[in-house]
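Taking it in order: structure first as structure tokens, then the write-up.
The values are calculated or read from the model by the stated rules, or taken from the named source; none is laboratory data. Keep in mind that this is a model prediction, so the values were computed, not measured. Neighbour counts run over all protein chains shown; Cβ positions are idealised from the backbone, glycine included. The area values use the complete protein model at the heavy-atom level, side chains included, leaving out ligands, DNA and RNA. Shrake-Rupley method; radii C 1.70, N 1.55, O 1.52, S 1.80 Å.
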Amino acid sequence: MTRTDNKKDGAKRILLVEDDVGLQRQMQWTLDPHPMIAAGTRAEALRAFEDGDIRIVILDLGLPPDPDGATEGLRVLDAILSRAPQTKVIILSGNADHEVAVNAVGRGAFDFISKPIDGEILKLIVQRAERMYDLEEENRALRATTDKRMPGFVFGSSQMQQIAQTIERVARTDASVLVLGESGTGKELIARALHESSPRANAKLVAINCASIPENLLESELFGHERGAFTGAIKQTLGKFEIADKGTLFLDEIGDMPVALQAKLLRFLQSRQFERVGGRQVLSVNVRVISATNQPLQQLVQEGRFREDLYYRLNEIRVELPPLRDRDGDAVVLAQHFRNLYNREHSRNLRGFTKEALLALQSHRWPGNVRELENRIKRAVIMSDGPLITADDLELVCEGKPRNLNLRDHMRELEGALLREALAVSDGNVSKAAKLMGISRPQVYNLMGAHKRHA
Ligand SMILES: Nc1ncnc2c1ncn2[C@@H]1O[C@H](COP(=O)(O)OP(=O)(O)OP(=O)(O)O)[C@@H](O)[C@H]1O
Ligand SMILES: [Mg+2]
């Protein structure tokens, strides 16, 4: 095992697993000044890996005692990925073991490069691997903080991951946020998460439902009133805006706000100043506004039922919650979450779901979104004879096929999509496509062949 001298403190190291010392040197030279550590056997490779801080591995599959096969190399790959699945492993393949290299990618390797090695391509692949590693790490870090700050906000899908990131970024600002989404998608939950992860978290979140308060009372609910302002106004009352000072005001069902009040709300948003009903004094508060609706607000604007200027004021940042049926895999993730929650709440011990129940959860359309899912699970936890929750307990019929979670199928699909895009962008020019994809021309031809076969 040899270490190159150029290891900088704290820099990311590459582990190079290659038994041919000549090739080792060539690659170290190519990737100079990258800190690198080299190993010639499986045992050396794993020891070096255990030493730590290896994010990228360049791996020759043909290692002793099986230099002409791939068994040793694949064992190294499996061992590394089972210890640290985030590691980016780049496979070195000879022409003879091309199939094996593709197979290795199917097992979780990041990419492969054929011998003889083109230094420029190797550099590109390593750069891409580093970028991917960093992005994923950033995602993980973001996800970890998100989970801490939004403990009740559960998701597994990439769609919701993106929303969590938006929330995290927007929370720091005072921008007005408009949350859109079908009924039961979690708009109120998002508003609370936004407040909780904002610098205003120590002040109040005050919510008002614009649909449930009669029109003539809504103004005084929002802005407060002076004593004697109207019949029944026996004392001065603070409005939600004042109560929410230094905190957040959540205007729920904003699409139901009467047009006359919309003008007053707009005036407030422009100046952050208002008067109580029946009052003359101009008051000012420091409030962040989040609003939500399940109505098509833009359409209401077109129909003249919602003021366009107010729409733009509320909509500085828009968060659009996708319906549950469009979130990949979230129904099952949420179902398990609610099973645990209601097991605890009702002292029950439902251990999971039957196969049919899982299929039903995945194929149901969820018109009532997360609220409907929560209600079905809650009822099932209370009613089920156990130990597993059945489709009957959920009052769902099992139809459709389970979601395909096969990693290889998904990677092949992604590979095909990237290939088609790269070829489209480069107008069918294979050299350009190869450059864009960071692989060699022969590899592009191979992919084209493979995807024609699978088409
Ligand atoms: N991602 C999620 N993780 C955990 N619970 C969720 C999630 N999304 C929604 N819920 C739960 O689902 C229920 C409905 O959510 P919420 O009230 O926020 O929806 P909404 O979009 O405001 O619905 P409506 O339009 O009917 O007012 C709540 O009990 C909420 O806690
Ligand atoms: Mg709501």
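Here are the numbers for this structure:
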{"quantity": "Enumeration of residues in segment 184-221 that are within 14 Å of ligand 2 (Cβ to nearest atom), of a type outside the set (Ser, Thr, Tyr) and surrounded by fewer than 18 Cβ atoms within 10 Å (Cβ to Cβ)", "calculated": "Glu188, Leu189, Asn209, Ala211"}
{"quantity": "Residue within segment 237-247 that is under 24 Å from Leu300 (Cβ atoms), within 16 Å of ligand 1 (Cβ to nearest atom) and open to solvent by 10 Å² or more (accessible area, probe 1.4 Å) present", "calculated": "no"}
{"quantity": "Members of segment 316-329 that are of a type in the set (D, E, K, R) and modelled with pLDDT of 90 or more", "calculated": "Glu316, Arg318, Glu320, Arg325, Asp326, Arg327"}
{"quantity": "Every residue from segment 65-81 that is open to solvent by 70 Å² or more (accessible area, probe 1.4 Å) and assigned to a helix (DSSP H, G or I)", "calculated": "Thr71, Arg75"}
{"quantity": "Selected residue (criterion: surrounded by the fewest Cβ atoms within 10 Å (Cβ to Cβ)) from residues of segment 424-443 that are at pLDDT 90 or above and within 30 Å of the chain's Cα centre (by Cα)", "calculated": "Leu436"}
{"quantity": "Members of segment 174-183 found to be more than 9 Å from ligand 1 (Cβ to nearest atom) and either open to solvent by 10 Å² or more (accessible area, probe 1.4 Å) or not assigned by TED's automatic domain parsing to the domain that holds Ile290 (or both), listed by number", "calculated": "Asp174, Ala175, Leu180"}
{"quantity": "The listed residue being open to solvent by 60 Å² or more (accessible area, probe 1.4 Å) and in contact with a strand residue (DSSP E or B) (Cβ under 7 Å, 6 or more places away or on another chain), out of Val282, Val289, Val277, Val259", "calculated": "Val282"}
{"quantity": "Residues that are within 16 Å of ligand 2 (Cβ to nearest atom) and open to solvent by 30 Å² or more (accessible area, probe 1.4 Å), drawn from segment 306-342", "calculated": "Glu320"}
{"quantity": "Selection within segment 82-112 - open to solvent by 20 Å² or more (accessible area, probe 1.4 Å) and aliphatic (A, V, I, L, M)", "calculated": "Ala96, Val100, Val102, Val105"}
{"quantity": "Of all residues making up segment 207-263, the number that are under 32 Å from the mean Cα position of the chain (by Cα), of a type outside the set (A, V, I, L, M) and part of a strand (DSSP E or B)", "calculated": "4"}
{"quantity": "Any pair with Cβ under 6 angstrom, 6 or more apart, that starts in segment 255-268 at a residue that is acidic (Asp, Glu) and ends at one that is open to solvent by less than 10 Å² (accessible area, probe 1.4 Å) and outside any helix (DSSP H, G or I)", "calculated": "Asp256/Cys210"}
{"quantity": "Leading residue by the ranking (nearest to ligand 2 (Cβ to nearest atom)) among those in segment 355-371 that are in a loop (DSSP other than H, G, I, E, B) and open to solvent by less than 30 Å² (accessible area, probe 1.4 Å)", "calculated": "Gly368"}
{"quantity": "Selected residue [closer than 30 Å to Ala357 by Cβ, within 27 Å of the chain's Cα centre (by Cα) and not assigned by TED's automatic domain parsing to the domain that holds Met132] from Glu421, Glu395, Glu413", "calculated": "Glu413"}
{"quantity": "For Asp392: the one exception among (1) within 30 Å of Ile90 (Cβ to Cβ); (2) open to solvent by 100 Å² or more (accessible area, probe 1.4 Å)", "calculated": "(1)"}
{"quantity": "Residue check for Gly181: farther than 29 Å from Leu447 by Cβ, at pLDDT below 90 and within 16 Å of ligand 2 (Cβ to nearest atom)", "calculated": "no"}
{"quantity": "Count - residues of segment 31-48 that are open to solvent by less than 20 Å² (accessible area, probe 1.4 Å) and in contact with a helix residue (DSSP H, G or I) (Cβ under 6 Å, 6 or more places away or on another chain)", "calculated": "5"}
{"quantity": "Members of segment 292-305 that are within 32 Å of the chain's Cα centre (by Cα) and open to solvent by 30 Å² or more (accessible area, probe 1.4 Å)", "calculated": "Asn294, Gln295, Pro296, Gln298, Gln299"}
{"quantity": "Single match in Gln336, Gln362, Gln299 (criterion: assigned by TED's automatic domain parsing to the domain that holds Ala191, at negative phi and of a type in the set (S, T, N, Q))", "calculated": "Gln299"}
{"quantity": "Selection from segment 200-222 of residues that are touching a helix residue (DSSP H, G or I) at 6+ places or on another chain (Cβ under 8 Å) and either closer than 17 Å to Thr248 by Cβ or not hydrophobic (A, V, I, L, M, F, W, C) (or both)", "calculated": "Ala201, Lys204, Leu205, Val206, Ala207, Ile208, Cys210, Glu215, Glu219, Glu221, Leu222"}
{"quantity": "Residue that is least open to solvent (accessible area, probe 1.4 Å) [pool: residues in segment 135-155 that are more than 16 Å from ligand 2 (Cβ to nearest atom) and at pLDDT 85 or above]", "calculated": "Phe155"}
